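Presented below is the structure to which this report refers.
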Amino acid sequence: ACGSDKDSGGSGSGSSKIVLGFSQVGAESGWRTANTKSIQASAGTAGIELKFSDAQQKQENQIAAIRSFIKQKVDVIGFSPVVVTGWDAVLKEAKAAKIPVVLTDRAVDSDPSLYVTFIGSDFVEEGKKAGQWLVDEYKDAKEPVNIIQLEGTVGSAPAIDRKKGFEEVIGSNPNLKVVASQSGDFTRAKGKEVMQALLKANKDVDVLFAHNDDMGLGAMQAIEEAGLTPGKDIKIVTIDAVKDGMTALSEGKFNYIVECSPLLGDQLMATVKKVKAGETVEKRIVTVETVFDQAKAKEALPTRQY
Ligand code: AHR
């Protein structure tokens, strides 16, 4: 059995409720906390029994949790894979047990016949939107613009895809130069630590692009502690748009945020019900998202849900 399983409600065995086993990445960011809340709340509203397991950002914990769900004969398995590779064996086991799998938030590189659908953002598009802001902001630049990139968890879909989309778009202007690019594992603490080191090694930094708000917030502290003004001396572009990020943006410490919505719970529960009823679902369900500049963040903040 999986030691970290936390049963978040439901009436247990014997109930006629649909049982969903969900393996979450962890609690690494504000985004992730909001995503977990959304899934738990939506399961409650939809009357679905949720078996929730937190993998603490470790693939082996996710594989153990999925195996435990198979053993418990849950109706549907949902999971947000920490990394892209290494899922074939466990997905084949779920298929052999005739338990449908729904991916949320992050993709895998396995054969698509091993899962029913993938609900989540287009991370390449998010990276492109961040890059486009830089292209527009520095369209008249006559000198090199030095950029630091803080990447997400190594091998994760958002880290791979955001980097790809971003670098593709900024490639249109040879003045836009990524002088350093390193993983901060999507956490605030790592974002700060890596930024401290990168600021020591790179004297002339103009822009920070962080793959999520939390790393951007950690890096913001490093910038302030280095005696520089975030949002002015070093411009900051991030992805997510959670409350703390939006607060920094509305205070002028961030310059731009590309939204990545964590509110996937309702879509997940609707999909689980359809799958259980034997209905066909779209193979890819893309989340609708926007972008925020400082003025838009000020407007949106009072009613922001997460
Ligand atoms: O997979 C989504 C990403 O994971 C979010 O952008 C980040 O904050 C989270 O940890």
**Item:** Check on Phe79, touching a strand residue (DSSP E or B) at 6+ places or on another chain (Cβ under 8 Å), at pLDDT 95 or above, within 16 Å of the ligand (Cβ to nearest atom) and not aliphatic (A, V, I, L, M)
**Value:** yes
**Prompt:** Which of the residues spanning the range 53-72 are surrounded by fewer than 19 Cβ atoms within 10 Å (Cβ to Cβ) and in contact (Cβ under 8 Å) with a residue 40 or more places away in the chain?
**Reply:** Gln56, Arg67, Lys71, Gln72
**Index of the failed condition, Ile39 passing every other in (1) over 22 Å from Arg162 (Cα atoms); (2) more than 16 Å from the ligand (Cβ to nearest atom)** = (2)
**Message:** From the list Thr303, Thr271, Thr238, exactly one residue is at pLDDT below 95, of a type outside the set (Phe, Trp, Tyr) and either in contact with a strand residue (DSSP E or B) (Cβ under 7 Å, 6 or more places away or on another chain) or exposed (fewer than 14 other Cβ atoms within 10 Å of the Cβ) (or both). Which is it?
**Reply:** Thr303
**Request:** Answer yes if at least one residue in the range 245-259 is within 21 Å of the chain's Cα centre (by Cα), crowded, with 22+ Cβ neighbours inside 10 Å, part of a loop (DSSP other than H, G, I, E, B) and polar (S, T, N, Q), and no otherwise.
**Result:** yes
**Asked** What number of residues in the range 106-139 are among the polar types (S, T, N, Q) and over 18 Å from Gln24 (Cα atoms)?
**Response** 3
**Message:** Condition first: over 18 Å from Glu28 (Cβ atoms), of a type in the set (Val, Ile, Thr), in a strand (DSSP E or B) and modelled with pLDDT of 95 or more. Can you find one or more residues in the range 211-231 that meet it?
**Reply:** no
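One line per residue, one yes/no per condition, for (1) assigned to a loop (DSSP other than H, G, I, E, B); (2) among the β-branched types (Val, Ile, Thr):
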site	(1), (2)
Phe118	no, no
Gln132	no, no
Val135	no, yes
Asp140	yes, no
**Prompt:** Considering only the range 111-136, how many residues are closer than 16 Å to Asn255 by Cα, in contact with a strand residue (DSSP E or B) (Cβ under 6 Å, 6 or more places away or on another chain) and not hydrophobic (A, V, I, L, M, F, W, C)?
**Reply:** 2
**Asked** Residues in the range 174-184 that are within 16 Å of the ligand (Cβ to nearest atom), part of a loop (DSSP other than H, G, I, E, B) and surrounded by fewer than 24 Cβ atoms within 10 Å (Cβ to Cβ): how many?
**Response** 0
**Message:** On the basis of being touching a residue at least 24 places away in the same chain (Cβ under 8 Å) and assigned to a loop (DSSP other than H, G, I, E, B), does Val90 make the cut?
**Reply:** no
**Request:** Please enumerate the residues belonging to the range 93-116 that are assigned to a helix (DSSP H, G or I) and among the basic types (Lys, Arg).
**Result:** Lys95
**Asked** If you scan the range 229-270, which residues turn out to be within 20 Å of Asp136 (Cα to Cα), within 16 Å of the ligand (Cβ to nearest atom) and of a type in the set (S, T, N, Q)?
**Response** Thr238
**Asked** Across the range 154-173, what is the number of residues that are touching a strand residue (DSSP E or B) at 6+ places or on another chain (Cβ under 7 Å) and either outside any helix (DSSP H, G or I) or of a type in the set (Gly, Ala, Ser) (or both)?
**Response** 2
**Request:** Would you point out the residue of the range 210-225, among those that are away from the ligand (no atom under 16 Å from the Cβ) and not polar (S, T, N, Q), that is farthest from Gly245 (Cα to Cα)?
**Result:** Glu225
**Fill in**
Every listed condition ((1) within 21 Å of Phe166 (Cα to Cα); (2) surrounded by fewer than 22 Cβ atoms within 10 Å (Cβ to Cβ); (3) more than 20 Å from the chain's Cα centre (by Cα); (4) at pLDDT 95 or above) holds for Asp111 save (1)
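The values are calculated or read from the model by the stated rules, or taken from the named source; none is laboratory data. Keep in mind it's a predicted model, so treat the numbers as computed, not measured. For neighbour counting, all protein chains shown are included, and Cβ atoms are generated from backbone atoms with ideal geometry for every residue, glycine included.
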